[in-house]
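Q: Before we start, here is the structure in question, set down as structure tokens.
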Amino acid sequence: MPMPPSDEGLLTVRDFLRFALSSFRAAKLVHGHGASNALDEAAFLILETLHLPVDDINPWLAARLTAEERGRVAEIIRLRIETRKPAAYLTGRTYIHGIPFHVDERVIVPRSFIGELMFSDTFPNLVSPDEVKSVLDLCTGSGCLAVLAALKFPQATIDAIDISADALDVARINLREHHLEDRVKLLQGDLFAPLGDVTYDLILCNPPYVAAAEIAAFPPEYAHEPVLAHAGGEDGLDLVRRILTDVLPHLNAGGGLLCEIGSGRELLEAEFPGLDFLWLDTEESEGEVFWLTRDALAA
């Protein structure tokens, strides 16, 4: 994608934001890896590339860029269009609740609704932060939920499991960047297999839950991510079923499971009619995350 020279008007942050938005829309890019629309993603790419705070582009709109900065911003816009890689892979960085995380193509770009819920007004109604002494992040991927749990529950021990050695390497980077190597223990294995009889007050899980047909129809942005991090079997719920079957022995009295499953609510409720799911909504989701107490599972 050729970039117009600076004398054609691309001088300020505002100029590049407008140009990126027009270019992204013309290229019919697909969004959803931290930003749900072209405008927010353009703002993120520009701010991250310029090493500016990513929460608000407005203070910087009138700022004129140096020639070197214009070159870097133009390049990141070009790469986003030509490679169709998610923005987070191009910057090596994404944010959850304002907290930065390293990300690369060894892991899915973290975007779990659980991160939002953990810092919402809803969460204290589920579990008292003061009473949580042990947390498991199941299917940890980049380790983002384990990091958030360590920040949310400063007195708790945190374990994090993933089947992918590559994903755990990325998680180690994030633990190191947040100085949490001594508080979060990483384990490799298939779901609960590495645990033995260890139990927890809280289990967080954002497992692979995409159905096979959806994966086959992925746009290029999603196809850049590891298939293992998406693949949930024919209907997307293979791992969720296993988790519900095996989780009870790993929960302490008073504990619970917070799990994201995508759009499989109706299927799950039909298959497990005896389970008292509490479905939780976020700003961008409805009925995609459930909470189950140990008592509900035991019953």
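The values are calculated or read from the model by the stated rules, or taken from the named source; none is laboratory data. Bear in mind that the values here come from a model prediction, so they are computed numbers and not experimental data. For neighbour counting, all protein chains shown are included, and Cβ atoms are generated from backbone atoms with ideal geometry for every residue, glycine included. Just so you know, the surface numbers come from the protein's heavy atoms only, side chains and all, with ligands and any DNA or RNA stripped out. Shrake-Rupley method; radii C 1.70, N 1.55, O 1.52, S 1.80 Å.
Q: Right, Val109: β-branched (Val, Ile, Thr), surrounded by 19 or more Cβ atoms within 10 Å (Cβ to Cβ), at pLDDT 90 or above and out of contact with any Pro (no Cβ under 6 Å at 6 or more places or on another chain) or not?
A: Criteria not met by Val109.
Q: Right, something else. I'm trying to understand the selection: among the residues of segment 95-106, which are in contact (Cβ under 8 Å) with a residue 60 or more places away in the chain, more than 10 Å from the chain's Cα centre (by Cα) and open to solvent by 60 Å² or more (accessible area, probe 1.4 Å)?
A: Passing the criteria: Glu105, Arg106.
A quick yes/no check of all residues on (1) within 23 Å of Arg111 (Cα to Cα); (2) aliphatic (A, V, I, L, M); (3) open to solvent by 10 Å² or more (accessible area, probe 1.4 Å):
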position	(1), (2), (3)
Pro124	yes, no, yes
Leu138	yes, yes, no
Phe153	yes, no, no
Ile163	yes, yes, yes
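Q: Tally up the residues in segment 165-197 that are in contact with a His (Cβ under 7 Å, 6 or more places away or on another chain) and open to solvent by 60 Å² or more (accessible area, probe 1.4 Å), please. Show your work before the answer.
A: We begin by selecting, within segment 165-197, every residue in contact with a His (Cβ under 7 Å, 6 or more places away or on another chain); these are 170, 173-174, 177, 192, 195.
Imposing the further condition that a residue be open to solvent by 60 Å² or more (accessible area, probe 1.4 Å) reduces the set to 177.
Here the count works out to 1.
Q: Please specify each residue of segment 54-88 satisfying the condition of being hydroxyl-bearing (Ser, Thr, Tyr) and closer than 17 Å to Ala20 by Cβ. It would help to see each step written out before you state the result.
A: Filtering segment 54-88 down to residues hydroxyl-bearing (Ser, Thr, Tyr) leaves 66, 83.
Answer for segment 54-88, where residues must be hydroxyl-bearing (Ser, Thr, Tyr) and closer than 17 Å to Ala20 by Cβ: just Thr83.
Q: To continue, here is another question. Can we say Tyr209 is farther than 30 Å from Glu82 by Cβ, open to solvent by less than 50 Å² (accessible area, probe 1.4 Å) and either over 19 Å from the mean Cα position of the chain (by Cα) or free of Cβ contacts under 8 Å to residues at least 60 places away in the same chain (or both)? Step through it out loud before you land on a result.
A: Details: farther than 30 Å from Glu82 by Cβ: yes; open to solvent by less than 50 Å² (accessible area, probe 1.4 Å): no; either over 19 Å from the mean Cα position of the chain (by Cα) or free of Cβ contacts under 8 Å to residues at least 60 places away in the same chain (or both): yes.
Spelling it out, it is not the case that Tyr209 is farther than 30 Å from Glu82 by Cβ, open to solvent by less than 50 Å² (accessible area, probe 1.4 Å) and either over 19 Å from the mean Cα position of the chain (by Cα) or free of Cβ contacts under 8 Å to residues at least 60 places away in the same chain (or both).
Q: Here's a follow-up. Being of a type outside the set (Val, Ile, Thr) and open to solvent by less than 10 Å² (accessible area, probe 1.4 Å) is the filter here; which residues of segment 112-122 pass it?
A: First, pick out the residues of segment 112-122 that are of a type outside the set (Val, Ile, Thr): 112-113, 115-121.
Residues satisfying the conditions are Gly115, Leu117, Met118.
Q: For segment 23-40, name all the residues that are assigned to a loop (DSSP other than H, G, I, E, B), among the aliphatic types (A, V, I, L, M) and either open to solvent by 40 Å² or more (accessible area, probe 1.4 Å) or touching an Asp or Glu at 6+ places or on another chain (Cβ under 6 Å) (or both). Talk me through it step by step, then tell me what you get.
A: So the first thing to find is which residues in segment 23-40 are assigned to a loop (DSSP other than H, G, I, E, B), and the list is 28-37.
So of that shortlist, the ones also among the aliphatic types (A, V, I, L, M) come out as 29-30, 35.
Within segment 23-40, Val30, Ala35 meet the criteria.
Q: Quick check on my filter: what residues within segment 61-95 are in contact with an Asp or Glu (Cβ under 7 Å, 6 or more places away or on another chain) and among the hydroxyl-bearing types (Ser, Thr, Tyr)?
A: Those that are in contact with an Asp or Glu (Cβ under 7 Å, 6 or more places away or on another chain) and among the hydroxyl-bearing types (Ser, Thr, Tyr): Tyr89, Thr91.
Q: Restricting to segment 216-230, count the residues that are open to solvent by 40 Å² or more (accessible area, probe 1.4 Å) and either under 20 Å from Ser263 (Cα atoms) or touching a His at 6+ places or on another chain (Cβ under 6 Å) (or both).
A: Let us first name the residues in segment 216-230 that are open to solvent by 40 Å² or more (accessible area, probe 1.4 Å), namely 216-218, 220, 222-224, 227-228.
Next cut, either under 20 Å from Ser263 (Cα atoms) or touching a His at 6+ places or on another chain (Cβ under 6 Å) (or both) only: 216-218, 222-223, 227-228.
Counting residues in segment 216-230 that are open to solvent by 40 Å² or more (accessible area, probe 1.4 Å) and either under 20 Å from Ser263 (Cα atoms) or touching a His at 6+ places or on another chain (Cβ under 6 Å) (or both) gives 7.
Q: While we're here: So, in segment 4-29, exactly how many residues are under 24 Å from the mean Cα position of the chain (by Cα) and at pLDDT below 95?
A: Looking only at that region, the number is 0.
Q: Just give me the residues in segment 231-274 being open to solvent by 80 Å² or more (accessible area, probe 1.4 Å) and in contact with a Leu (Cβ under 7 Å, 6 or more places away or on another chain), in sequence order.
A: Arg242, Leu267
Q: If you don't mind, there's one more thing I want to ask. Quick check on my filter: what residues within segment 52-77 are part of a helix (DSSP H, G or I) and open to solvent by 60 Å² or more (accessible area, probe 1.4 Å)?
A: Of everything in segment 52-77, those that are part of a helix (DSSP H, G or I) and open to solvent by 60 Å² or more (accessible area, probe 1.4 Å) turn out to be Asn58, Pro59, Trp60, Ala67, Glu68, Arg72, Glu75.
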